[in-house]
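The values are calculated or read from the model by the stated rules, or taken from the named source; none is laboratory data. Because the structure is a prediction, the values reported are computed rather than measured. For neighbour counting, all protein chains shown are included, and Cβ atoms are generated from backbone atoms with ideal geometry for every residue, glycine included. In case anyone asks, the SASA skips ligands and DNA or RNA and just uses the protein heavy atoms, side chains included. Shrake-Rupley method; radii C 1.70, N 1.55, O 1.52, S 1.80 Å.
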2 protein chains.
Amino acid sequence: MKIGLIQMDVVDDKARNLEVAEKFIRLAATQEAEVVLLPEMFNTPYGNEFFIPYAEEGEGPTLSLLKRLAKELGILLVGGSIPEADQGKIYNTSYIVDDKGEVLDKHRKAHLFDIDVKGGITFFESKTLTPGDKVTILETSIGRIGVAICYDIRFPEVFRKMALEGVSYVFIPAAFNHITGPAHWEILTRARALDNQMYLFIASPATSSVLDYKAYGHTLGVDPWGRILGELGNREGLLVLDVDPSEVRRIKEELPTMKHRRPELYD
Amino acid sequence: MKIGLIQMDVVDDKARNLEVAEKFIRLAATQEAEVVLLPEMFNTPYGNEFFIPYAEEGEGPTLSLLKRLAKELGILLVGGSIPEADQGKIYNTSYIVDDKGEVLDKHRKAHLFDIDVKGGITFFESKTLTPGDKVTILETSIGRIGVAICYDIRFPEVFRKMALEGVSYVFIPAAFNHITGPAHWEILTRARALDNQMYLFIASPATSSVLDYKAYGHTLGVDPWGRILGELGNREGLLVLDVDPSEVRRIKEELPTMKHRRPELYD
């Protein structure tokens, strides 16, 4: 099974972002990806001043494009994330679209990125965004998957819940920066995969040469043993990874940590 | 504050193991370590055939030595682990001894190492050992600490519980092998520290040139940002690390993940 991860350059021009996303989605399908993942906030620059003007309510041009492409190409599309407007609030939302062009579910980022690292990075998503209210687990053509967005990855409970509910693949649109990225991007992705014996796929925008927020890039796939399957650098690109669905079962048999849990000691 | 981590060669001779442990504990104290950590099963070779003959019930020669040295040197001693006999059962037990020579608490390994990696490592601790029944959190001269043993590190719930109860330092006697060590030792230690914004210290026996079980070594300390403070190789040695107690608070302010938890979504 092949999974396509898109690390696209995002610019301050929604139409241009949708063109680039379409180009990469088509390229991934040409390379036989059954599932394609886009990055966080792929239709808008990442910044509180952009989320409101770029937001879409219901089926706007972005969701419409995702549905059309998923159906035409016969893929499962984890549509990165976009600012979603709903009843006066804005969410950071990932739409998951099946090969019939139907929205299977959406994940609204549940943990907002409000940090203030001295001399490093300061960002308060909660100035404009409202958090979602669920861990997103859904049935798809490739089995049960989980979807989380960026800062959600810092919460091991999210992934433990997914694992306990039988998730084998987690898709994460994300946009770390050049402070937290080098420090934490790989280790968080690898640890979640290893602890929960799942495949993790995390896709970022490329590092922008023009926008203020410089995403880390380093779009990455990790297997259930915590091994890196492939990783991009900072530039725009497509990563197509081969995945062996039997690997999850094999590793769970050899190292049965999920059976060895002692919930009576900590739950 | 200085923390001493001991990576000693363990042999099939208890008296010799105690002599070596004493030598290293004294050396750590000479280098001004306030806290000293020994490795897992430091008085016995690691193997089911050794645990019963090497076990001690109540205050045997090993615990007696730990108490005497902690008091004489004025240190907090996390005494690695030893096979502890109690009412016909054997536990993998860490005694924590304060600078008055009093046992503050003991941790019995709560998750037994029963794994069967094809072509790699097969071991079933449960053939001889009984698991403990608690997560170990205690008050000490350096504040609230946690103690876990080796395979316990694979369970993120243990460390989350410690963090939620205010632990800033976790001490882990361990003995990974040359399959799981290169694959998982660093990443597990760094991820637990980073996720829970705590210091983690993990000490292993040196890689033996004579015993069947080849411990991984790589005794390691990690700070609450997930940075490696220092790490040994495979050979016998002492690692003395400088620790800044204010770092935990600083990182929790800059990146307040513990406040951003959404327990209503997953607990």
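Can you tell me how segment A:84-191 classifies by the Cα gyration tensor, rounded, prolate or oblate, using a/c under 1.5 as the rounded cut?
It comes out oblate by the Cα gyration axes.
Which cross-chain or sequence-distant (5 or more) residues have an amide H under 5 Å from the amide H of residue B:105, H modelled 1.01 Å from N in plane?
B:96
Amide H neighbours of residue B:206 under 5 Å, at least 5 residues apart or on other chains, H built in the peptide plane: list them.
Result for residue B:206 returns B:8, B:9, B:10.
In terms of modelled amide H atoms, which long-range or inter-chain residues lie less than 5 Å from the amide H of residue B:140?
Distant-sequence amide H within range of residue B:140: B:145.
May I ask you to evaluate 6.51 cos²θ - 1.76 cosθ + 1.60, the Karplus curve with θ = phi - 60°, for each residue of segment A:232-244 and list the ³J(HN,Hα) values in order in whole Hz, giving x for glycine and proline?
For segment A:232-244, the Karplus curve yields 8, x, 9, 8, 4, x, 10, 10, 10, 10, 8, 10, 9 Hz.
Suppose the chain between residue A:249 and residue A:118 were pulled fully straight at 0.36 nm per residue; how much longer would it get relative to their current alpha carbon spacing?
Extending this stretch completely gives an extra 42.8 nm.
Do any GluC sites (Glu not before Pro) in segment A:156-259 lie in a DSSP loop with no more than 11 other beta carbon atoms within 10 Å, and if so, which?
A:165
What number, in percent, do you get for the relative contact order of segment B:159-205 if the mean sequence gap of Cα pairs under 8 Å and at least 6 apart is divided by its residue count?
Computed over segment B:159-205, the figure is 57 percent.
Taking the Cα centre of the protein assembly as shown as origin, sum charge times position over the Cβ atoms of Lys and Arg (+1) and Asp and Glu (-1), and report the length of that vector in debye to the nearest 20. Kindly include the intermediate steps, with their values, before the conclusion.
On the way: 62 positive and 80 negative charges, 10 e Å.
For this selection, approximately 40 debye.
What whole-number value in Å² describes the accessible area per residue of the protein assembly as shown for a 1.4 Å probe?
36 Å²
Are there any GluC sites (Glu not before Pro) in segment A:1-97 that are in a DSSP loop and have at most 16 other Cβ atoms within 10 Å? List them by number.
A:32, A:59
Helix-derived [θ] at 222 nm for the protein assembly as shown: sum -39500 (n - 2.57) over DSSP H runs of at least 4, divide by residue count, nearest 500?
After summing the helix terms and dividing by residue count, I get -9000 deg cm²/dmol.
Rank B:50, B:128, B:111 by how far each Cα sits towards the positive end of the charge dipole of chain B (+1 on Lys, Arg Cβ; -1 on Asp, Glu Cβ) and give me just the farthest.
B:111
With each label point set 7 Å from Cα along the Cα-Cβ vector, what nm distance links residue B:102 and residue A:228?
For the pair residue B:102/residue A:228, the computed spacing is 5.0 nm.
Can you pull out the buried accessible area for chains B and A, both sides counted, probe 1.4 Å, rounded to the nearest 100 Å²?
Chain pair B/A: roughly 3800 Å² of buried accessible area.
Using a probe of 1.4 angstrom, how much of the accessible area of chain A is carbon and sulfur, in percent?
Values: 4630 of 9620 Å².
Ligands and nucleic acids excluded, carbon and sulfur give 48 percent.
What Kirkwood radius, in Å to one decimal, follows from the Cα pairs of chain A? Before the final figure, lay out each step's value.
Numbers: mean 1/r = 0.0546 Å⁻¹.
It works out to 18.3 Å.
From the phi angles alone, apply the Karplus equation (6.51, -1.76, 1.60; θ = phi - 60°) to segment A:2-9 and give each ³J(HN,Hα) in whole Hz, x where the residue is Gly or Pro.
10, 10, x, 10, 9, 10, 9, 6
Over segment A:2-266, what is the percentage of antiparallel beta bridges among all DSSP beta bridges, to the nearest 5?
Numbers: 32 of 48 bridges.
Here the share of antiparallel DSSP bridges comes out near 65 percent.
Measuring from label point to label point, each 7 Å out along Cα→Cβ, what is the residue B:30 to residue B:164 span in nm?
4.5 nm
Could you sort out which of A:127/B:161; A:2/A:67; A:89/A:134; A:100/A:161; A:134/A:214 sit more than 22 Å apart by Cα distance in this structure?
Going by Cα-Cα distance, A:127/B:161; A:100/A:161; A:134/A:214 fall outside the 22 Å limit.
With +1 assigned to the C-beta of every Lys and Arg and -1 to the C-beta of every Asp and Glu, and no other charges, what is the dipole magnitude of chain A about the Cα centre in debye, to the nearest 20?
With only Lys, Arg, Asp and Glu charged at Cβ, the dipole is about 460 debye.
From the backbone phi of segment B:121-127, what are the Karplus-calculated ³J(HN,Hα) couplings (6.51 cos²θ - 1.76 cosθ + 1.60, θ = phi - 60°) in whole Hz, Gly and Pro given as x?
Residue by residue, segment B:121-127 yields 10, 10, 7, 10, 4, 5, 4 Hz.
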